[in-house]
1. Identify the residue in segment A:109-124 that is part of a helix (DSSP H, G or I) and without any contact (Cβ under 8 Å) to a residue 24 or more places away in the chain and, among all such residues, is surrounded by the most Cβ atoms within 10 Å (Cβ to Cβ).
2. Quick check, is A:ALA100 farther than 30 Å from B:GLU26 by Cβ and not in a loop (DSSP other than H, G, I, E, B)?
3. Answer yes or no as to whether A:LYS27 is at pLDDT 90 or above, closer than 30 Å to B:ALA16 by Cα and away from chain B (no Cβ under 14 Å).
4. Just to check your reading of the model, which residue among A:PHE29, A:PHE14 is in contact (Cβ under 8 Å) with a residue 60 or more places away in the chain, aromatic (Phe, Trp, Tyr) and touching a Gly at 6+ places or on another chain (Cβ under 7 Å)?
5. Which is over 20 Å from A:GLY20 (Cβ atoms), modelled with pLDDT under 90 and within 15 Å of the chain's Cα centre (by Cα), of A:PRO63, A:PRO112?
6. What number of residues in segment A:1-23 are of a type in the set (Ser, Thr, Tyr) and either within 7 Å of chain B (Cβ to nearest Cβ) or buried (at least 18 other Cβ atoms within 10 Å of the Cβ) (or both)?
7. Looking only at segment A:88-100, which residues are within 14 Å of another protein chain (Cβ to nearest Cβ), in contact (Cβ under 8 Å) with a residue 24 or more places away in the chain and over 15 Å from A:LYS27 (Cα atoms)?
8. If you scan segment B:1-30, which residues turn out to be open to solvent by less than 50 Å² (accessible area, probe 1.4 Å) and more than 13 Å from the chain's Cα centre (by Cα)?
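The values are calculated or read from the model by the stated rules, or taken from the named source; none is laboratory data. Keep in mind that this is a model prediction, so the values were computed, not measured. No Cβ is skipped: glycine too gets one built from the backbone with ideal geometry, and neighbour counts run over all protein chains shown. In case anyone asks, the SASA skips ligands and DNA or RNA and just uses the protein heavy atoms, side chains included. Shrake-Rupley method; radii C 1.70, N 1.55, O 1.52, S 1.80 Å.
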Amino acid sequence: MTAQQSLQIITETFNKSRKGILRNSAKYFMLWGALLTVTSLVIYLLWHFTGRPQWNFLWFAMPVIGYPVAALMGKYDVNVPQNEVSKMLSGVWRVFGTFAITLSAIAICLVPMNVSLIIVIIMGLAECMSGVLLKNWPIIICGFLLGVCGAVVAMLVKSEAQLLIFTLGGVLLLITGFIMQLQNK
Amino acid sequence: MFPKLDPLLHSELRLAVMSILAGVDEADFTYLKKQTGATSGNLSVQIDKLTAAGYITVEKGFKGKMPRTVCRITPTGQEAFRGYVEALQEYLSASK
């Protein structure tokens, strides 16, 4: 085996493994993207047609559905290991989820606040960080635009129309998942 | 004078296994088999050799009711792999 062949084996094996791991992570972006898109749209429509903001409690259905489904998907991924990038991506979105759920609970139970504004900013930040980790400029730019434009819209638009920012965020997550799959084919 | 290439790593399958393990925390036998395209028997033999050299550790356990063999690269293995890649780079830069 020549030095060139050895280096080729190392590069090919390493890249094949890395791509497989990131393709696997893409599934989770698609899961949460689809859930966010559907949940935000359903709440928007229910609120719009009934005039009841109480439909916002349906947001809590998202983690209730999402985490078990993600855990079930993880069971089938038992053979796919984690690398540094997939671990950091998972960490970034876990932190986002923790902040989003905690702040929503605080806003409902303790201190009223513009939750949409806060969540859209941290979501844009998490999306930006994902782009940085994946070294993908379109994801970085989309995350930045989601955070900044979403914050402006959340300040200007009132009531149920704010929810459409999250529909956009969900679509963005879906697109990120597709980009990850395409990048790592 | 070129540095000597580690003979343990200078084998297609062992090098592929080490390349995978260098990029992940741990990988199980099924994953390694799938990624390398090796047969179970051959992969087992090469894993045993890497384990005997202290380059990787092997942990046998169960995931649910299914047996699972998990491999991890050791610091010695990481050092050896790094040394091997550096030696390769010296060979290649000298041949340019």
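1. Initially, segment A:109-124 is screened for residues part of a helix (DSSP H, G or I), giving A:109, A:115-124.
This time we only want the ones that are without any contact (Cβ under 8 Å) to a residue 24 or more places away in the chain, so: A:109, A:115, A:118.
Details: A:CYS109: 8, A:VAL115: 19, A:ILE118: 17.
Per the criteria, the residue is A:VAL115.
2. Values: farther than 30 Å from B:GLU26 by Cβ: yes; not in a loop (DSSP other than H, G, I, E, B): yes.
Here the answer is yes, as A:ALA100 does meet what is asked.
3. Values: at pLDDT 90 or above: yes; closer than 30 Å to B:ALA16 by Cα: yes; away from chain B (no Cβ under 14 Å): yes.
It is true that A:LYS27 is at pLDDT 90 or above, closer than 30 Å to B:ALA16 by Cα and away from chain B (no Cβ under 14 Å).
4. Numbers: A:PHE14 fails: in contact (Cβ under 8 Å) with a residue 60 or more places away in the chain.
Just a single option satisfies the conditions, and that option is A:PHE29.
5. Numbers: A:PRO112 fails: within 15 Å of the chain's Cα centre (by Cα).
That would be A:PRO63, the only listed residue that is over 20 Å from A:GLY20 (Cβ atoms), modelled with pLDDT under 90 and within 15 Å of the chain's Cα centre (by Cα).
6. Just the residues of segment A:1-23 that are of a type in the set (Ser, Thr, Tyr), to begin with: A:2, A:6, A:11, A:13, A:17.
From what is left, the residues that are either within 7 Å of chain B (Cβ to nearest Cβ) or buried (at least 18 other Cβ atoms within 10 Å of the Cβ) (or both) are A:6, A:13, A:17.
Residues flagged as of a type in the set (Ser, Thr, Tyr) and either within 7 Å of chain B (Cβ to nearest Cβ) or buried (at least 18 other Cβ atoms within 10 Å of the Cβ) (or both) within segment A:1-23 amount to 3.
7. At the first step, the residues of segment A:88-100 found to be within 14 Å of another protein chain (Cβ to nearest Cβ) are A:88, A:90-91.
Restricting the remaining residues to those that are in contact (Cβ under 8 Å) with a residue 24 or more places away in the chain gives A:88, A:90.
Result: A:MET88, single match.
8. Initial filter on segment B:1-30 (open to solvent by less than 50 Å² (accessible area, probe 1.4 Å)): B:3, B:5-6, B:8-9, B:11, B:13-24, B:27-29.
Within segment B:1-30, B:PRO3, B:LEU5 qualify.
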